[in-house]
Each structure stands twice: as C-alpha cells, then as structure tokens.
1. For an R0 of 41 angstrom, estimate the FRET efficiency from the Cβ-Cβ distance between residue 152 and residue 211 and round to the nearest 0.05.
2. For residue 275, project a label point 7 Å along Cα to C-beta. Then give me every residue of the range 110-129 with its amide nitrogen under 16 Å of that point.
3. What's the extension gain from residue 160 to residue 200 if we count 0.36 nm per residue and subtract their Cα-Cα distance?
4. Please report Rg over Rh for the range 92-240, where both radii come from the alpha carbon positions and Rh follows the Kirkwood definition.
5. Taking R0 as 22 Å, what's the FRET efficiency between residue 288 and residue 143 from their Cβ-Cβ distance, rounded to 0.05?
6. How are the Cα pair distances of the range 160-204 distributed, in percent, across 5 Å bins from 0?
7. Could you order peptides 60-71, 187-198, 252-263 by the average number of other Cβ atoms within 10 Å of their residues, highest first?
8. Send over the per residue convex hull volume for the range 64-123, Cα only, as a whole number of Å³.
Amino acid sequence: MRRSGPEASTHAVSALTLACLLVLAGCSGLTAPAAPTPAETVTPAPVPSPPPTPPPDLAPGLTASGVTDAGALLAAHRSHLEGTSFRTNRTVSRTLPDGTVESRVVTRARFGADGRYHVVRTIDGALRERLGTVARVEQYATSERGFRRRVVDDGNATYATVAPADGEGPQPTALLPGPTAGREVLLALSAVNATVTDRERADGEWRYRLAGTGLRSVAALRSLTGRSDVASIANLSVTAVVTESGLVRSYAVTYADRREGGLVRVRRAGRIAGVGATDVSRPDWYATALVEG
C-alpha cells in the first residue's frame, strides 16, 4: 500500500540511512592510507677547521715554544749593538773530574760608538800553569792606531801594533772575532730544543728566559765547540735571556766531555750590558806601547 504524507517521508529517510550504513560496512575492507615516506637523510658535509693560529712572537724569531727563526733573532740581536757602545763578558772553562780547573779563559771587552775598543783576555788553570803560556793579553785600538800587549807568568810584557779600528761599529779582533756574540748565541740556541720557561719585567721591557736540553743539531754543536767529532759530548744544556726586542743579554752552554779518566765539565757563557752607555778609556800601558810597539 502506498504511503503518503509524513509517514512516507519518514520511510524514505530510514531507507537512505540503511543504505549509507551498508556502504560504510562494505568500506571496512579498504586498506588504510600508507604512512608518509620520511624524507631522505642527507649527511652534512664536514665543516673545514680553521687553520691553527700561530703563537704570537715574544721577540723576533721567538715564541713560547722556543726559537722558531734563529736568523731573525740573530739579526735583531746584532741590530741592537751596531753603531752603539756596549760591553761583553765571556767565559770558557773546563773542569776535570776531580774538580781541578784545567783551563779558564775570560774575555772582557768594551766597545765605543766611535769604533774604539779595549779587549782583555785572562787565562788561568792547571793547563796554563803546566805549559807556562801567556797569562794575559790586551788589545786597544782607535781609528788612528792599535796595540796589543802580552803578559807572561813572570810579569814581563811585550807590545805589538795592530790594525786601527774603522769607526763603523764593533771591530772584530783576533781576541774577539765576533764582538756581538751573535754567532755563538745562534749556534747555542740551534744546538738544543730551548723553550721559554719564565719572564720578568726590567727596564721597561719584558725579558724571557729560555732553557733546553738534548741535542737537536749536530752541525751547530760542532761549530760551537770547534770539534768535528762530538760523539763524546753528553748532558748538553743551554740557557739564555732574551728581551722582547731581540737582544740576547746572556747565555750559557754546559756539557760534559767523556774522557778515559771521567767526565770533564765544560761551560761557555756570555753576557752583554751597558748598551749605549759604555765608555772606552785608554789603558795605562798605552804610553809604553807607543814607544815599544
């Protein structure tokens, strides 16, 4: 029987609802949508490390790790002493295993800004006494003339003329071929691995103390000692004091020399002072040298 009116509308809605439910029931077998594929992982490129910052220079050719450019340090050292006055004191000593000083040579020198110089070398020790060699040698020169004085054990002195000073800075002499000690400083600091161990403030500038042990350069040690064979040398050490502007104010080289009787202790040391404030006076024997030289 055909329905009409509100009853017919209600029946239509019920039929539609039933149809939707049947459709949804049939959808229960559908596959759930796949999970989104994760984005491909990309390995980041390594970031290059910046180059290491070189340690700052404490002085020309010098860093906290030691002497990095011996030539630069040598040039700075010499530049402080060219055309000015200064004085030096150098010692070379050899001590036998029993404590006897075999030889000790002390060379003191004064250099003037005008080229004048006065060098005094004293020699003592068991070796000199045994051989009866010269005990003292002096050399004095101006731009006009120069003299050498030798004194032997009995006090007798002899005189000889030498070439005059040239007035152009520290004048090399037979007693002191390297007035500024530059070559010896360079060889000493090249022979070992020296590092900065301390610093102090003096006269308005920093001064750095260097110390090192162990052989680094056989060639430098050969030149420093004047020996072609350095195989017998042991316990090598070096100390030095360098200013921030590159002047090497002092240095010392010590080592042991093996002999059949034991170890002979050797020490080579030098010091520079009075830069720009050193006078060179005429020695008291100058008048005698004018007559006998």
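1. 0.55
2. Within reach of a label on residue 275: 111-113.
3. Working: separation 40, 0.36 × 40 = 14.40 nm, distance 4.55 nm.
That works out to 9.8 nm of additional length.
4. 1.03
5. Values: r = 21 Å, r/R0 = 0.96.
For residue 288 and residue 143, the calculated efficiency is 0.55.
6. Pairs per bin, as whole percents: 5, 14, 16, 15, 15, 13, 12, 6, 4, 1.
7. Values: 60-71: 17.2, 187-198: 20.5, 252-263: 15.2.
Peptide ranking by packing, descending: 187-198, 60-71, 252-263.
8. Numbers: hull volume 7.5 nm³, N = 60.
It is 126 Å³ per residue.
No lab work stands behind these numbers, since they all come straight from the coordinates. Computed from a predicted structure; not experimentally measured. Neighbour counts run over all protein chains shown; Cβ positions are idealised from the backbone, glycine included.
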